[in-house]
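Below is one structure; the comments refer to it alone.
Bear in mind these aren't lab numbers, they're just calculated from the coordinates by the rules spelled out. Fair warning: this is a prediction, and the values are worked out from it, not measured in the lab. Positions of Cβ are backbone-derived with ideal geometry, glycine not excepted, and every protein chain shown enters the neighbour counts.
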Amino acid sequence: MLKIRIIPVLLYKNHSLVKGVGFRSWRRIGTAVPAIKVYESRQVDELIFLDIAATPEERMVDHIEIDQLADECSMPLTVGGGVRTTGDFHRLLRAGADKVSVNTGAIANPGLIDEASRLYGSQCVVASIDFMRRADGCIEVYGGGGARAAGKNPVAWAREAADRGAGEILLTSIDRDGTMTGYDTGLIRRVAESVSVPVIAAGGAGNYEHMRQALSDGKADALAAASIFHFTEQTPVEAKRYLAARGFNIRI
Amino acid sequence: MSVLIVDHRLCNIDSVARAVEKCGGDPVVSAAPQAVGKAERLILPGVGNFAEAMAVLHKTGWVSAIKDTAASGAVPLLGICLGMQLLASRGEEGGGTEGLDLIPGEVLKLAPSDAAPRVPHIGWNEVVQRRADPVFDGVDDRKDFYFVHSYHFVPSDPATVLSTTPYGQDLVSAVRKGNTFGVQFHPEKSMKAGAQLLRNFLALQPC
């Protein structure tokens, strides 16, 4: 059986790892290489590394830096940040990324997903979708690191991205990000039921029970989390033991 | 030991080279087939599109170099992921393309099913060893390896199947014919078990 994946997320800004709340209030939490070494020693399932300063600064994540980080990383690595062209995909895959995450670049140019999946295969194209629940009850996709409403519904956008060739959806709730109050299981489930590609839930994990809910209620295929691992004593290994004890297929 | 890694410029070569180095091999990454003469092992890695990759291999002269190497029998060859699929006779991706035809069979698109609703097949899954082989020495049966693929290899001769992996159906996850091996999973991303498999490949006595 295919195993549920637990995926730590490393957010990178100005040569430092950071973590915020609701895509703001960034706190520095260390540097990248030691963090990757720790996750390497703990044999985590996968890692996601996103340069959140890249899009606002209108550049791509530094592929030379990724090359160095990938040297430390024998587990699968997804990289994102300011990806706008198939050339960006090429550089990141060459530098050691196994999958490339695209967000704002695909909102601006959805055809990027078609082209990248044709050239490099769907399996390395991750459509990253950040969404927010507005006061009027609408749910909307945001680009530019949560800065700009994209005028898209996340369920419809996820379906479009998958139809265009994205091999995975990384679905992040901006409202829940960093709050450690639980995943947005309602929307995760709607997306998971609308696409046939794997869905990675992100935003809101505060304890192992939240993770269980995202799997059983949200129907997620994988769980991304950051604050829970940075700011609490909880670890990916213990999360996996908790979920395995509750009947989920987990790689221990 | 000199391990030549075929660079068709479509994927992440570094992680394969690094893994080979950690396993005691001397990786040589080359986009040109002239380097094949000194190689003691040949690795064909790859992610991406079957038709694109075959077009690159044809254009760069790798197709005949790989086939000659396999025919000589002296240099074991390992195809990884797309590299395994390229060993097949034919791939259906991109309207149907001839493969290297080193292990008879076809490469077909995975279809979502109730038991395996998600395609691509991404993540850690069991490798069920169907027969004993030196490449699995020291690797537990049903050990998890990392997969990331949308197509799968369906060999026409069951005798070439080394392992299968349960995903709705029994996907063929490792094949062998003579000194030509293919694995659908990524040993270079499968940590300890993957490293063991690579070490075994380097230690093989060509048959």
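For a Förster distance of 30 Å, can you work out the FRET efficiency between the beta-carbons of A:Thr85 and B:Asp26, rounded to the nearest 0.05? Let's see the in-between values first.
Numbers: r = 35 Å, r/R0 = 1.16.
The value I calculate is 0.30.
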Legend entry - Mean-position separation - Cα centroids, the range B:159-185 and the range B:95-125, in angstrom: 12
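Cβ neighbours within 10 Å, averaged per peptide: list B:195-206, B:172-183, B:57-68 in order, most packed at the top. Walk me through the numbers before you get to the answer.
Numbers: B:195-206: 18.2, B:172-183: 23.7, B:57-68: 16.7.
Final packing ranking: B:172-183, B:195-206, B:57-68.
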Inset, instruction - List every residue whose amide H lies under 5 Å from the amide H of A:Phe49, counting only residues 5 or more places away in sequence or on a different chain, with H placed 1.01 Å from N in the peptide plane. - result: A:Leu10, A:Thr78, A:Val79, A:Gly80
Legend entry - A:Asn249 paired with B:Leu108, simple spin-label distance in nm, labels 7 Å along Cα-to-beta-carbon: 2.0
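Run the numbers for A:His15 and A:Ala108: contour at 0.36 nm per residue of separation, minus the present Cα-Cα distance, in nm.
On the way: separation 93, 0.36 × 93 = 33.48 nm, distance 2.66 nm.
Taking 0.36 nm per residue and subtracting the Cα distance, the gain is 30.8 nm.
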Legend entry - Inter-label distance for A:Ser196 and A:Cys138, nm, one decimal - labels placed 7 Å from Cα along Cα-to-Cβ: 3.2
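Just add up the charged neighbours of B:Gly91: K/R +1, D/E -1, any other residue whose Cβ is under 12 Å from the Cβ of B:Gly91.
Numbers: positive: B:Arg90, B:Lys109; negative: B:Glu52, B:Glu92, B:Glu93, B:Glu98, B:Asp101, B:Glu106.
So the surrounding residues net to -4.
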Legend entry - Inter-centroid distance (Cα atoms) of the range B:20-68 relative to the range A:154-211, Å: 38
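Using helices alone, I'd like the mean residue ellipticity at 222 nm for chain A: each DSSP H run of four-plus residues gives -39500 (n - 2.57), total over residue count, nearest 500. Please report the intermediate quantities before stating the final value.
On the way: 10 runs with 89 residues, N = 252.
Estimated from H runs of four or more residues: -10000 deg cm²/dmol.
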Inset, instruction - Scan around B:Gly79 for amide H atoms under 5 Å from its own, H built in the peptide plane at 1.01 Å from N, and keep only partners 5 or more places away or cross-chain. - result: B:Leu44, B:Phe181, B:Gly182, B:Val183
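Treating only the Cβ of Lys, Arg, Asp and Glu as charged (+1, +1, -1, -1), what charge dipole size does the protein assembly as shown show about its Cα centre? Round to the nearest 20 debye.
Values: 49 positive and 52 negative charges, 119 e Å.
Charge dipole, the protein assembly as shown, about its Cα centre: 580 debye, nearest 20.
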Legend entry - Selection from B:Ser156, B:Ala88, B:Leu77 lying farthest towards where the dipole of chain B points positive, charges on Cβ: B:Leu77
Legend entry - Paramagnetic label zone (point 7 Å from Cα along Cα-to-C-beta, B:Ser156; backbone N under 20 Å) in the range B:80-108: B:84-108
Inset, instruction - Excluding A:Glu193 itself, calculate the net charge of residues whose Cβ lies under 13 Å from the Cβ of A:Glu193, where each Lys or Arg counts +1 and each Asp or Glu counts -1. - result: +3
Legend entry - Interchain or long-range residues, amide H under 5 Å from B:Leu171's placed H: B:Thr165
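What is the magnitude of the charge dipole of the range A:1-83 about its Cα centre, with +1 placed on the Cβ of each Lys and Arg, -1 on the Cβ of each Asp and Glu, and no other charges, expressed in debye to the nearest 20? Please list the in-between numbers first.
On the way: 10 positive and 11 negative charges, 109 e Å.
That gives a dipole near 520 debye.
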Inset, instruction - Starting at the first residue of the range B:22-32, write each ³J(HN,Hα) from the Karplus equation 6.51 cos²θ - 1.76 cosθ + 1.60 with θ = phi - 60°, in whole Hz, x for Gly and Pro. - result: 4, 8, x, x, 9, x, 10, 9, 9, 8, 10
Inset, instruction - Could you please report the charge total around B:Gly24, scoring K, R as +1 and D, E as -1 over all other residues with beta-carbon less than 13 angstrom from its beta-carbon? - result: +1
Legend entry - Average other protein chain Cβ within 10 Å of Cβ, residues A:120-128: 6
Inset, instruction - Evaluate the distance, in nm, between pseudo-label points positioned 7 Å from the Cα of B:Asp133 and of B:Cys207 along their respective Cα→Cβ axes. - result: 0.9
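In deg cm²/dmol and to the nearest 500, what is the mean residue ellipticity at 222 nm of chain B if only DSSP H runs of at least 4 residues count, each as -39500 (n - 2.57), divided by the residue total? Could you put the intermediate results ahead of the total?
Working: 5 runs with 47 residues, N = 207.
That comes out to -6500 deg cm²/dmol.
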